[in-house]
Amino acid sequence: MPRDRSLRAVVTKLPPAAAWPAAAAVAALLWGVVSTQAVCQGAEPAASASPADNQFYEQQVQPLLKQHCLRCHGEGKKIEGGLRLTSRSSVLRGGDSGPAVDLDKPMSSRLVEAINYRDLEMPPKDKLPPDKIAVLTRWVELKIPFPPGGPEDEPAPPPKKKSPQVDEQNRNFWSFRHVVRPPVPQVKGAAWVRNPIDAFILSRLEQVGLEPAPAASKQVLIRRATYDLWGLPPSPEEVAAYTADDRPDAYERLVDRLLASPHYGERWGRHWLDLVRYADTNSYERDSAKPYSWGYRDYVIRSLNEDKPYDRFVREQLAGDELPGAGNEGLIATGFYRLGIWDDEPGDAEQARYDELDDIVGTVGQVFLGLTVNCARCHDHKLDPIPQRDYYRMLAFFGGITRYGTRKGGVEEASLRPLKTDAQGHNQAEVAAYRARFAKVNDRIKQIEALAQPDFDSVEKDEFKIDLNHQRLIQKRVPRLVSQTLYDEYLQLMDTREDLRNSEPPAMQKALCVTEVGRTARDTFILLRGSPKAPLAKVEPGFLSIVEPSSPTIPPAPAGVNTTGRRSMLANWIAGAENPLTARVMANRVWQYHFGRGLVRSPNNFGLQGTAPTHSELLDYLATELVAGGWRLKSLHRTIMLSSAYRMSSAANAAGLARDHDNDLFWRFDMRRLEGEEIRDSILAINGTLNLKMGGPGVYPIIPKAVLAGQSVPGAGWHSSSPADRNRRSIYVHQKRSLPLPLVESFDAADADGTCPVRFASTQPTQALSMLNSEMMFEEAGTLAAFVETHAGPELRDRVAMALRRAMQREPVPKEIDRGVRLIEEFIARHQLTPHEALRRYCLIVYSLDEFVYLD
């Protein structure tokens, strides 16, 4: 078959959406879509090699291939990329990317491109030296001679399994079908049903002969509900008031009070920040700070407390700068795009841009749609019906976005915009006073630095251009050029300057936000194996074809907006009520954070290989409730928390454990361990030092010097906050990607390098060591001891009872108090501790009780 006919045959077999122009069909040949049979038929037959050519192969080519190539492409058990280099036919047939050698255009062959690191990089570990590249290049020019008698007719590798297709069968998959409100099932135990949620749960239990667990006690319920909605323990006074409240609607009043508190936004904001990979720094070696990143965190907390409709919440983050009337809130919301990791000195700027866009596509796909769209960057998705073309069509919505910045000050231009404020005179006076104070502190810092700068060598002069290096370079000159007293003053001034930067007057504050190159987006192309150096067919913005087959028409951007308007189209499609994924995904998340796991256990993966829902009809019911309730989350919280299912105890029974060990059917409430932030906040709340101030720049609790020493520049980027600010809630702690709080990290903190849909709950020795043998815990235990000494009076039994009451949020029984008293008396008698030190050590043990760190 002539080669041009073979290409036409392939193109005609492609679906209409993939029938690109003829030039792209040539690229498709390299892309591996042409059948191996057609390639072999189109190749030249084996030519008779001259004795000199055979000798060249045996003496120079074959040893080189054995040394560098055949382990992966011929002699190993696994043939990488489907490519063998052991016979002429296998080289011409090629692998997953098409023929390795083009006999018509030898110097354009994939093999030549790969060994020169022009697209693929082979061998992957190290580039071959020039002399060896010259040998392989000459071999290709000779039309790859092999000596006679070789394995000329090796069988082709078995064909790879096709990726799932965009077809009617897959469109009928449960998560791609339109959401329809299901009928509420009829159940035998109707007395247990408080709302439709219970009917769906009980229906499944009755089918397998299981009964729901008994109701939880009032003490358990107030602790559960308060941690779920606030991430904090209820106070002893709140527990006493609720347990004594005999009104029939006492529990409903409790839920409403908790939802109305600003602590709700702080707790549920933490869940959202996990999803959107929130951090205050950029990662990589310098891990420099993201200016005004905290504005996005405060926006999330504010939005949740206001019960902003979820569809509006989505639109603001994806396109708040393009929404009419969104104002400052919309601008700040687009900080979502700037939260990912950022390499400030990439080896390949264009590759880095596409890596950043891939982070955006992956986060948007998983967080809002529950699909791993990013898996289609280099090829069609192997597990879901998401063609590579759909990946780049979605990426095209973001085609106008600028990079976060450049290492030398480009962040200000690319990612910061002033917030709109009034321009009254008192604002101007406030700004002038602030600038004068900042200049005074900054001038004094420069005076001290000037004492050391003449001593810098050429390398240090370059290093000093980066703020993070200043402290280290000055410290090297102590006491030779800078006295210890001056250096101590220098450190204090650096902290003062950081405090000033974090307390700008409102008229000076800015938003970390998205910006675009203008009203015309860059062109977007499908990239061969995801490489910007190998563009294929051009694509326009488009939705996922498995969900929405039609292509959108992009209207011009609104007047006065310097963007393409594309992101608004994507935002409206994702947040639309007709989208089958968005409401399901969010309803599942709300259920997950209340019950410890979702109705779909893979909350970021609603695709073909994700975990199937245990209660698909209940999930659809919750999704329709969310939309019918105006997309307001607080209404959905209330519906879930008022159900009998939520109010069950965690008590196990033999029948349930035997038939449903993993509790897939929710026959009881699963216990859970508190997250690291909840543990830290609870430690401070219990000893009376938790600072409930909200909002603003991140704060810096004390981190041990041994931990700071593990940074590339020890202590860089970690400042010293006031004692009061150190005790603020964990959500307000400066989140440095390379330096998480040790206690929070040991209890499985979220990895902020990517979206985190589920927190692990591991059990490790470092957790016990952190609770019993860390500087922080020893200090906080002493604070709790001082608190009970002050508030419980002189009697030891009363002090023990108060410590237990505050930690467990219930009344301790006499046996528990007796055990505590005996232990403290033993500390005093056997170890010669003072009464205060003995009580401190007892409080350290109280903080380590299972009942403190686990939620029933």
(request) Can you give me the P(r) profile for the stretch 249-392? Cα pairs, bins 5 angstrom wide beginning at 0, each as a whole percent. (result) 2, 9, 15, 17, 17, 15, 11, 7, 3, 2, 1, 0, 0
(request) Could you tell me the distance between the Cα centroids of the stretch 262-289 and the stretch 70-148, to the nearest Å? (result) 46
(message) How large are Rg and Dmax for the stretch 478-556 when calculated on the C-alpha trace, in angstrom?
(response) 26.0, 72
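If you take all C-alpha pairs in the stretch 600-694, what percent of them are over 22 Å apart? If you can, show how the numbers build up before the last one.
On the way: 2419 of 4465 pairs.
Of all Cα-Cα pairs in the stretch 600-694, 54 percent lie more than 22 Å apart.
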(request) Within 10 Å, count the other beta carbons around each residue, average over each peptide in 294-300, 547-553, 735-741, and list them highest first. (result) 294-300, 735-741, 547-553
(message) Below 12 Å, Cα to Cα, which aspartates and glutamates can LYS533 reach? Residues fewer than 8 away in the same chain don't count.
(response) GLU113, ASP119, ASP348, GLU350
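At a temperature of 10 °C and a viscosity of 1.306 mPa s, determine how fast the stretch 652-760 diffuses translationally according to Stokes-Einstein, using the Kirkwood radius over alpha-carbon pairs as Rh; express D in µm²/s, rounded to the nearest whole number. Mind showing how you got there, number by number?
On the way: Rh = 16.4 Å.
Rounded, D is 97 µm²/s.
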(message) If you consider only alpha-carbon coordinates, what radius of gyration and Dmax does the chain have, in Å?
(response) 32.0, 104
(request) Compare the peptides 463-470, 393-400, 536-543 by average per-residue count of other Cβ atoms within 10 angstrom and give them in order, highest first. (result) 393-400, 536-543, 463-470
(message) Taking amide H atoms as placed 1.01 Å from N in the peptide plane, list the residues 5 or more away in sequence, or in a different chain, whose amide H sits under 5 Å from that of MET648.
(response) ALA216
(request) Go through LYS105/LYS143; LYS705/LYS736; LYS634/LYS693; LYS66/LYS105; LYS218/LYS634 and tell me which ones have a Cα-Cα distance over 18 Å in this structure. (result) LYS634/LYS693; LYS66/LYS105; LYS218/LYS634
(request) For a quick protection proxy, order the peptides 250-257, 638-645, 669-676 by their average other-Cβ count within 10 Å, most packed first. (result) 638-645, 669-676, 250-257
(request) Return the long-range amide H neighbours of GLU516 (sequence gap of 5 or more, or a different chain), with a cut-off of under 5 Å between placed amide H atoms. (result) THR402
(message) Could you work out the percent of alpha carbon pairs in the stretch 241-296 separated by over 17 Å, rounded to a whole number?
(response) 59
(request) Enumerate the amide H contacts of LEU855 below 5 Å, restricted to partners 5 or more residues apart or on another chain; note that Pro and chain-start residues carry no placed amide H. (result) ARG672, ARG673, LEU674
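Only Lys, Arg, Asp and Glu count, each charged at its Cβ (+1, +1, -1, -1), so figure out the dipole size of the chain about its Cα centre, rounded to 20 debye. All intermediate terms of the calculation are to be shown ahead of the outcome.
Working: 108 positive and 110 negative charges, 173 e Å.
Taking the Cα centre of the chain as origin, the dipole is about 820 debye.
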(message) Give me a comma-separated list of calculated 3J(HN,Hα) values for the stretch 59-72, in order, Karplus coefficients 6.51, -1.76, 1.60 applied at θ = phi - 60°, integers in Hz, x for any Gly or Pro.
(response) 8, 10, 6, 4, x, 5, 4, 5, 6, 10, 10, 6, 4, 9
(request) For the stretch 524-658, take the alpha-carbon Rg, divide it by the Kirkwood Rh, and send me Rg/Rh. (result) 1.11
(request) Would you mind classifying the stretch 44-132 by shape? Square roots of the alpha carbon gyration tensor eigenvalues, ordered a ≥ b ≥ c; an a/c under 1.5 is rounded, otherwise it is prolate if a/b is larger than b/c and oblate if not. (result) rounded
(request) Compute the separation of the alpha-carbon centres of the stretch 455-501 and the stretch 567-606 and state it in Å as a whole number. (result) 49
(request) With θ set to phi - 60°, apply the Karplus curve 6.51 cos²θ - 1.76 cosθ + 1.60 along the stretch 680-696 and write out the HN-Hα couplings as whole Hz, x wherever there is a Gly or Pro. (result) 4, 5, 5, 4, 6, 5, 5, 8, x, 10, 5, 8, 8, 4, 10, x, x
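All of the numbers you see were taken from the coordinates with simple rules; none came from a lab. The structure presented is a predicted model; accordingly, all values stated were derived computationally and were not measured. Cβ sites come from the backbone with ideal geometry, for glycine too, and all protein chains shown count toward neighbours.
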